[in-house]
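**Q** Quick one: the structure is below, questions incoming.
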Amino acid sequence: LAMAMLLLAAPSQALTARDTQEINSYVLTDAGLARYMKAIKALGPIAKNMSNDCEDDDDSDAQSIDQMVAKVNAVGGARAALQSAGMTPREYLLFTMSIFQTGLASWGLTQPGGKLPPGVSMANVNFYRKNEAAMAKLGESVQSDDCDAGDAGDDVSQ
């Protein structure tokens, strides 16, 4: 929710090589997705109390996964909420970043000449595609909870 978007706003180029390797090697599973969905729900009440500016996507305070974990741990109740869903803050962040990376890779593969980016797991892409409806629903939930409906509509031009 707000926390996921806040933490994902950190630019990926700021991640260390170790962080990138950890994200690339993270294996997406059905059990992990079930825990992640529980974590999103558990974080809901906490995220609603957090300040979030959907216009400001330059929150580059966190430069590494370790720093992002520290940010999660600094939010009152966040660690306990994640643990109640069976996830550590690190696993929550890795799942979030892996699903984001995998979704981009999945889309890229549908484009003319699209190739799997180096380090991205085709097994994760297949997992993402198998669970694409759940991912889309999750994405809608995150958008509707995080930003004004009016602001979200401003970005769509048809």
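**Q** With all protein chains present and a 1.4 Å probe, how do Ser25, Ser98, Ser121 order by accessible area, largest first?
**A** Ranked list, largest accessible area first: Ser25, Ser121, Ser98.
**Q** Then there is this: What are the ³J(HN,Hα) couplings of segment 116-127, residue after residue, when phi is run through the Karplus curve with 6.51, -1.76, 1.60 and θ = phi - 60°? Round to Hz, x for glycine and proline.
**A** So the J values, rounded to whole Hz, are 5, x, x, x, 7, 7, 5, 4, 5, 4, 4, 4.
**Q** Can you pull the accessible area of Thr110 for me, 1.4 Å probe, Å² to the nearest 10?
**A** For Thr110, solvent-accessible area is about 90 Å².
The values are calculated or read from the model by the stated rules, or taken from the named source; none is laboratory data. Only a predicted model underlies this, so the values are computations on that prediction, with no experimental measurement involved. Remember, those area values only see protein heavy atoms, side chains included, never the ligands or the DNA or RNA. Shrake-Rupley method; radii C 1.70, N 1.55, O 1.52, S 1.80 Å.
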